[in-house]
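The values are calculated or read from the model by the stated rules, or taken from the named source; none is laboratory data. Every value quoted in this text rests on a predicted model; they were computed, and no experiment measured them. Here the Cβ positions follow ideal geometry from the backbone for every residue, glycine too, while neighbour counts run over all protein chains shown. Surface accessibility is based on the protein's heavy atoms, side chains included, excluding ligands, DNA and RNA. Shrake-Rupley method; radii C 1.70, N 1.55, O 1.52, S 1.80 Å.
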Amino acid sequence: MSRRQMEITPELMLRAYRIGLFPMAESRDARTLYWLDPEMRGVIPLQGFHLPRRLARRVRQAPYRISANEAFPQVIAECAAPRASSADSWINAEIQALFTALHRQGHAHSIEAWQGEALVGGLYGVSLGGAFFGESMFSRADDASKIALVHLVARLRLGGFTLLDAQFQTSHLAQFGTEEVPRALYKQRLAEAVEVPAHFPAEPDPEALAREIAALRDEG
C-alpha cells in the first residue's frame, strides 16, 4: 500500500481502477487515503457463480423489492455505518464524496433491497468497461445483501460484463465461488475487461432478469 501524495479526484480514481488500484481509509474519521494493490485478488465468477440452494429459494420467494441506483448515497452511508462485526469502517467522508461523484457521472452503481419503505440491504461499486469493482455491502435484514449480490451478478451478465472484482477473498464471499487470483493474472484479466463495451442495466427487462436469475440457479 502507498500513501497518496496528491488530491484524489473522480478522474484519478478511474485511472487507478483501470490499473488495478483502489483506495481505502484507515478509519471512518481518517483524513488521508491510501492505495491498495493486493498480491492476491478476490474475483467472483460471473460465469460459474455459485448460488447456494437455500439462497436460491429465498430469491424465488422475493422477500424484498430490489432496485438499482435508486438510493446510492444511502447505500454507501449504510456501508460506512457501525455494524455488529465492526464498529469502525474504511469508508470515510472523502470516499463517500468521491464515489457519490462517480455515481453522478454514471461510473458507480448501487443495488438496493427494500422492505416496504425501509432500505434493509444493498451494495455498491464502480463500473469501467466490462469490469465491475465491488466495494462494500450491508444487510439489516436476513439475506438482504446476499440477494442484492445475486441481482448484481444477473445484471452484470445481462450487461455484458466479464469481470467482478471483490478485492479480497472472505469466508462470506467464498460460498459464491469467489476465487483468489494472483496480481499479475488479475491485471491481465482487468486489462481485457476494461476494453469490453458493457453497460450497467439499472432497469433491465423484468423477464430477461428473471431468466438470468433462473440460469444462475441452474448453474449453481
**OP:** Collect the residues in segment 37-53 that are over 17 Å from Gln188 (Cβ atoms) and surrounded by 17 or more Cβ atoms within 10 Å (Cβ to Cβ), keeping them in residue-number order.
**Re:** Ile44, Phe49, Leu51
Subject >> Residues satisfying the stated conditions in segment 93-119, i.e. surrounded by fewer than 20 Cβ atoms within 10 Å (Cβ to Cβ), of a type in the set (D, E, K, R), within 26 Å of Gly129 (Cα to Cα) and modelled with pLDDT of 95 or more >> reply: Arg104
**OP:** Take segment 59-78 and flag every residue that is open to solvent by 10 Å² or more (accessible area, probe 1.4 Å), touching a residue at least 24 places away in the same chain (Cβ under 8 Å) and more than 18 Å from Pro206 (Cα to Cα).
**Re:** Pro73, Gln74, Glu78
**OP:** Could you please give the count of residues in segment 70-92 that are farther than 17 Å from Gly121 by Cβ and either of a type in the set (Phe, Trp, Tyr) or modelled with pLDDT of 90 or more (or both)?
**Re:** 1
**OP:** Inspect all residues belonging to segment 182-190 and state whether any of them is modelled with pLDDT of 95 or more, crowded, with 21+ Cβ neighbours inside 10 Å and out of contact with any Asp or Glu (no Cβ under 6 Å at 6 or more places or on another chain).
**Re:** yes
Original post:
Within the set of pairs 6 or more residues apart or between chains, which connect a residue that is on the phi > 0 side of the Ramachandran plot inside segment 165-181 to a residue that is of a type in the set (S, T, N, Q) with Cβ atoms less than 7 Å apart?
Top reply: none
Original post:
Out of curiosity, is Phe168 touching a strand residue (DSSP E or B) at 6+ places or on another chain (Cβ under 6 Å) and surrounded by fewer than 16 Cβ atoms within 10 Å (Cβ to Cβ)?
Top reply: yes
Subject >> Hey, Asp205 at pLDDT below 95 and out of contact with any strand residue (DSSP E or B) (no Cβ under 9 Å at 6 or more places or on another chain) or not >> reply: no
Original post:
So which of Gly122, Gly129 is under 14 Å from the mean Cα position of the chain (by Cα), at pLDDT 95 or above, among the small types (Gly, Ala, Ser) and open to solvent by less than 60 Å² (accessible area, probe 1.4 Å)?
Top reply: Gly122
